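Participant: Starting off with a structure, shown below.
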Amino acid sequence: MTTLPYTARFVFIGLISACSTFFSARAASQTPPPQPESIAVNLSIERKQVAIGQSPWVDLTVENLSDHSIALHGRMCRVRVEGEKGEPPTTKVQRQMTDRLRPGEAPLREDENYLPMIWPKDIPGDSYTRKWKLDYLYDLSAPGKYTVYAECMDPSTEKSSTPKWLRTNTVQFTMQAPNH
């Protein structure tokens, strides 16, 4: 008699496990496949050795991989710089672009924050390049080695609750004292 309740328990647990496996597999099969990215991004640097007081420039190339026109605008692309001691001090422009204004720091007026952000619609298969002047975004007055990369929001996910940010390759440059 005592084996019957245990047997019933094992059967019940087995049924629960089977149902759970069935519904998990069904839910997984109904998850839509990930969408392919609509753009490809690549970063290059104009000069790897830059004298302090001069500005390093990077070129961000965006290729349209979709079958329709796209547009990058607003804050859909951002640049990140890291030095040997972490992120160098940011300018107010960079803090505003990355939503990291300091407490009590007033946002820049539009005429103080001119950084062309509207890109023309891109024809499928075409690519275009945008230049970024890094000392407009960061204080690069300290000599040393730096790395930089960019992130661009995939335009096909712009209205999504979880937009997808695509990261470029990382490039390096060195800020040198002028006598080098």
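Please treat every number below as a calculation from the coordinates, not as lab data. None of the values given here were measured: they were computed from a predicted structure. A quick note on method: Cβ atoms are made from the backbone with ideal geometry, for glycine too, and the neighbour counts reach across all protein chains shown.
Participant: Based only on other Cβ atoms within 10 Å, what is the fewest-to-most ordering of T162, T168?
Facilitator: Listed from fewest to most nearby Cβ atoms, that is T162, T168.
Participant: Tell me, what ³J(HN,Hα) does each residue in the range 159-164 have, in order and in whole Hz, if you take phi through Karplus 6.51 cos²θ - 1.76 cosθ + 1.60 with θ = phi - 60° and put x for Gly and Pro?
Facilitator: Residue by residue, the range 159-164 yields 8, 6, 6, 10, x, 9 Hz.
Participant: Would you mind ranking D135, D111 so that the residue whose beta carbon has the fewest other beta carbons within 10 Å leads the list?
Facilitator: D111, D135
Participant: Which of the lysines could a cross-linker span from K133 if the Cα-Cα distance has to be under 24 Å and same-chain partners fewer than 8 positions apart are dropped?
Facilitator: Partners found: K48, K85, K92, K121, K145.
Participant: As an exercise, identify the GluC sites (Glu not before Pro) in the range 81-112 lying in DSSP coil whose Cβ has no more than 13 other Cβ atoms within 10 Å.
Facilitator: Details: sites: E82, E84, E105, E110, E112; in loops: E84, E105, E110, E112.
Those that pass, being in a loop and sparsely packed, are E84, E105, E110, E112.
Participant: Determine which residues of the range 46-61 fall in the zone a paramagnetic label at T170 would reach in this model, i.e. backbone nitrogen under 20 Å from the point 7 Å along Cα→Cβ.
Facilitator: 46-50, 56-61
Participant: Short version: ³J(HN,Hα) in whole Hz for each residue of the range 136-150, in order, from phi by Karplus 6.51 cos²θ - 1.76 cosθ + 1.60 (θ = phi - 60°), x for Gly and Pro, what are they?
Facilitator: Result, ordered by residue: 7, 10, 9, 7, 10, 7, 8, x, x, 8, 10, 10, 9, 9, 10 Hz.
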